[in-house]
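Take a look at the structure set out below.
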Amino acid sequence: MTVFLALLTACGASSAPRAISSSEPGVVLEDVQARLPAAAPAPSLHVTAQRAAWDLAGRTVRFEGEVHGTRGDVTLTCATLEVWFTDPDALDRARASGGVQVHQGVREARADTALLDIPAGRIELAGSPWMREGGRRMAGERIVLLLDDERVECEACTLDLVETLPEAGP
């Protein structure tokens, strides 16, 4: 257990999570905060949740309950977030589910699920996804946010543009 807590500390976990027993391999923590390093040059992912289950051999972490993740200027909230590592120092991908919300500046997106390619800065939204920015709203079968390129791709897309009128002068 001491080695595990040292590994958590090295990965940026808060020093106060409470370990609880589990019948599955790994360790389950409650009220967890973790800073998970990403493969360079992508920013790290900071996650808070009510619970986390770490599978060291499988290189996965499952966060549950009021999950809130931040990567650079992007925030993600959901019910469950599963994260996969390529090695102890690099995140590979993540899957969010349960009322997924993504915010980046004035952009807001929502869906049932999201797949994150962390090194590529790519979020694929599915399950009634939509995105809104100002007077523009996009909905489709699948929406892909390319965070580092400031691009959005949409399949079977519907786009609504609301034209704003200039304010009347004095």
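So, in the stretch 43-52, how many residues would count as being assigned to a strand (DSSP E or B) and of a type in the set (Ser, Thr, Tyr)?
From the stretch 43-52, those assigned to a strand (DSSP E or B) are 45-52; that's our starting set.
Cutting the leftovers down to of a type in the set (Ser, Thr, Tyr) gives us 48.
Summing the residues that are assigned to a strand (DSSP E or B) and of a type in the set (Ser, Thr, Tyr) in the stretch 43-52 gives 1.
Looking only at the stretch 53-92, count every residue that is touching a strand residue (DSSP E or B) at 6+ places or on another chain (Cβ under 9 Å), farther than 29 Å from residue 131 by Cα and of a type outside the set (S, T, N, Q) and tell me the total.
Adding up the residues that qualify gives 6.
So how many residues does the stretch 126-140 have that are more than 17 Å from residue 160 (Cβ to Cβ) and either touching a His at 6+ places or on another chain (Cβ under 8 Å) or in a strand (DSSP E or B) (or both)? Can you show your working first?
Step one: of the stretch 126-140, the residues more than 17 Å from residue 160 (Cβ to Cβ) are 126-127.
From what is left, the residues that are either touching a His at 6+ places or on another chain (Cβ under 8 Å) or in a strand (DSSP E or B) (or both) are 126.
Summing the residues that are more than 17 Å from residue 160 (Cβ to Cβ) and either touching a His at 6+ places or on another chain (Cβ under 8 Å) or in a strand (DSSP E or B) (or both) in the stretch 126-140 gives 1.
Looking at the stretch 84-126, which of the residues that are of a type in the set (Lys, Arg) and under 13 Å from the mean Cα position of the chain (by Cα) is farthest from residue 49 (Cα to Cα)? Let's see the steps before the verdict.
We begin by selecting, within the stretch 84-126, every residue of a type in the set (Lys, Arg); these are 93, 95, 107, 110, 122.
Now narrow it down to the ones that are under 13 Å from the mean Cα position of the chain (by Cα): 93, 95, 110, 122.
Working: 93: 18, 95: 15, 110: 19, 122: 22 Å.
Of everything passing the filter in the stretch 84-126, 122 is farthest from residue 49 (Cα to Cα).
Hey, could you check the stretch 64-83 for residues that are β-branched (Val, Ile, Thr) and without any contact (Cβ under 8 Å) to a residue 40 or more places away in the chain and say which is nearest to residue 49 (Cα to Cα)? Please lay out each step first, then the result.
Taking the stretch 64-83 and keeping what is β-branched (Val, Ile, Thr), we get 67, 70, 74-75, 77, 80, 83.
Cutting the leftovers down to without any contact (Cβ under 8 Å) to a residue 40 or more places away in the chain gives us 67, 70, 75, 77, 80.
Numbers: 67: 4, 70: 12, 75: 14, 77: 10, 80: 9 Å.
Ranking the candidates gives 67 first.
In the stretch 53-119, which strands (runs of 3 or more DSSP E) lie fully inside it and hold 1 or more residues that are touching a helix residue (DSSP H, G or I) at 6+ places or on another chain (Cβ under 9 Å) and either at pLDDT below 90 or crowded, with 17+ Cβ neighbours inside 10 Å (or both)?
Numbers: elements: 60-71, 74-87, 90-104, 107-117.
Strands (runs of 3 or more DSSP E) meeting the threshold: 60-71, 74-87, 90-104.
State whether one or more residues within the stretch 25-47 are among the hydrophobic types (A, V, I, L, M, F, W, C) and modelled with pLDDT of 80 or more. Lay out the reasoning, then the answer.
Going through the stretch 25-47, the residues among the hydrophobic types (A, V, I, L, M, F, W, C) turn out to be 27-29, 32, 34, 36, 38-40, 42, 45, 47.
Now narrow it down to the ones that are modelled with pLDDT of 80 or more: 47.
Within the stretch 25-47 (the criterion being among the hydrophobic types (A, V, I, L, M, F, W, C) and modelled with pLDDT of 80 or more), the answer is yes, since at least one residue qualifies.
The values are calculated or read from the model by the stated rules, or taken from the named source; none is laboratory data. Since we're looking at a predicted model, the values are computed, not measured. As a convention, Cβ positions derive from the backbone with ideal geometry for all residues, glycine included, and neighbour counts pool all protein chains shown.
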